[in-house]
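So the structure is just underneath, and the comments pick up after that.
The values are calculated or read from the model by the stated rules, or taken from the named source; none is laboratory data. Values in this document were obtained by computation on a predicted structure and should not be read as measured data. Positions of Cβ are generated from backbone atoms using ideal geometry, with glycine treated the same way; all protein chains shown enter the neighbour counts. What goes into the accessible areas is simple: the full protein's heavy atoms, side chains included, and nothing from ligands, DNA or RNA. Shrake-Rupley method; radii C 1.70, N 1.55, O 1.52, S 1.80 Å.
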Amino acid sequence: MTWFQTILIAIVEGITEFLPISSTGHMIITQKLLNVESTEFVKAFTVIIQFGAILSVVVLYFKRFFQRIDFYWKLFVAFIPAAVFGLLFADKIDEWMENVTVVAVALILGGIVMLFMDKWFKPSEKQEVTYKKAFIIGLFQCIAMIPGVSRSMSTIFGGMQQKLTRKNAAEFSFFIAVPTMFAASVYKLYKLIGNPESKAVLMENLNILIVGNIVAFVVAMLAIKFFINFIAKFGFKAFGYYRITVGSIILILLLCGYNLNIL
């Protein structure tokens with residue numbers, strides 16, 4: 001990967017990680033457009049730079065992370081489904097990440113859902129996230145293992161289905177991203193370090209990982225602030241239209257003979 005490719009992919013990660021438009025899907029599309037070869041290191045890079053993005057959540061919501069011990073238990077409960085499904089279907093997930101068609105279809109279907117989310121769910125007066133609500137939201141997070149669905153969208157959908165406000169659903173989505181994405185980053189690092197050849201590649205490209213995480217951190221900080229203010233005022237329709245537009249463009253290109261699945 002060149003420095004230009006590294007920085008651009010990290011910017012895409014920072015912008016899209018917490019927006020309900022699929023960071024994985026956008027990074028896959030960006031890699032294809034930049035003609036980045038889908039090596040094991042590149043696959044790991046797109047996961048590991050999420051660490052920089054989740055660090056932005058800890059910094060922005062610093063006080064919330066150091067209030068009550070049950071806060072961590074609820075995050076753990078929400079994390080369990082993704083941990084189980086992630087380990088069971090890790091190979092299948094990697095296979096889907098090679099398929100731009102899957103991303104396009106998921107973007108469109110998710111976009112249609114987002115057009116109606118504000119009408120489907122009405123918040124209740126009780127806004128506390130109970131253990132039961134946390135677990136249910138964690139189940140919705142598993143849907144995001146399909147590239148293009150968006151972890152943010154699925155968990156916000158789950159939060160609103162549990163009668164949280166748009167803002168509270170989005171913030172809890174940010175919070176459960178921390179253990180989920182941290183575990184994914186550590187797992188990818190473990191797999192790279194466990195293989196002598198991959199470990200050598202990792203050490204050679206350590207500076208790329210560091211820069212990628214720094215860029216993702218800074219951009220994600222700005223994206224989170226924008227997102228919270230935007231959805232509080234306007235809701236999710238704009239993101240729905242965006243997803244449908246991007247997904248449709250990809251499908252049209254594929255139908256016109258542009259094989260985006262092959263670099």
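Quick notes on this structure:
- Residue in segment 141-151 that is crowded, with 24+ Cβ neighbours inside 10 Å and among the hydroxyl-bearing types (Ser, Thr, Tyr) present: yes
- Any hit, segment 111-121, residues being within 24 Å of residue 227 (Cα to Cα), surrounded by fewer than 13 Cβ atoms within 10 Å (Cβ to Cβ), more than 18 Å from the chain's Cα centre (by Cα) and not hydrophobic (A, V, I, L, M, F, W, C): yes
- Contacts under 9 angstrom Cβ, first residue in segment 29-40 being closer than 18 Å to residue 105 by Cβ, partner crowded, with 16+ Cβ neighbours inside 10 Å and among the β-branched types (Val, Ile, Thr), 6 or more apart: 29/12; 29/100; 29/103; 29/246; 29/250; 32/100
- Residue within segment 245-253 that is more than 22 Å from the chain's Cα centre (by Cα) and closer than 21 Å to residue 28 by Cα present: yes
- Against the test of being of a type in the set (Val, Ile, Thr) and part of a loop (DSSP other than H, G, I, E, B), the options 113, 102, 149, 84 yield a single qualifying residue, 149.
- Hits in segment 144-178 - residues which are closer than 17 Å to residue 246 by Cβ and in contact with a Pro (Cβ under 6 Å, 6 or more places away or on another chain): 150, 152, 153
- Condition check for residue 168: more than 22 Å from residue 9 (Cβ to Cβ), open to solvent by 10 Å² or more (accessible area, probe 1.4 Å) and at pLDDT 90 or above: yes
- Conditions (1) surrounded by 13 or more Cβ atoms within 10 Å (Cβ to Cβ); (2) within 30 Å of residue 29 (Cα to Cα); (3) not acidic (Asp, Glu): number failed by residue 135: (2)
- Segment 88-100: number of residues that are modelled with pLDDT of 75 or more and loosely packed, with under 14 Cβ neighbours inside 10 Å: 1
- Residue within segment 231-241 that is open to solvent by 40 Å² or more (accessible area, probe 1.4 Å) and farther than 23 Å from residue 109 by Cβ present: yes
- Residue 185 being open to solvent by less than 40 Å² (accessible area, probe 1.4 Å), hydroxyl-bearing (Ser, Thr, Tyr), at pLDDT 85 or above and under 21 Å from the mean Cα position of the chain (by Cα): no
- Of all residues in segment 202-225, those being within 18 Å of the chain's Cα centre (by Cα) and either among the hydroxyl-bearing types (Ser, Thr, Tyr) or over 14 Å from residue 51 (Cα atoms) (or both) number 4.
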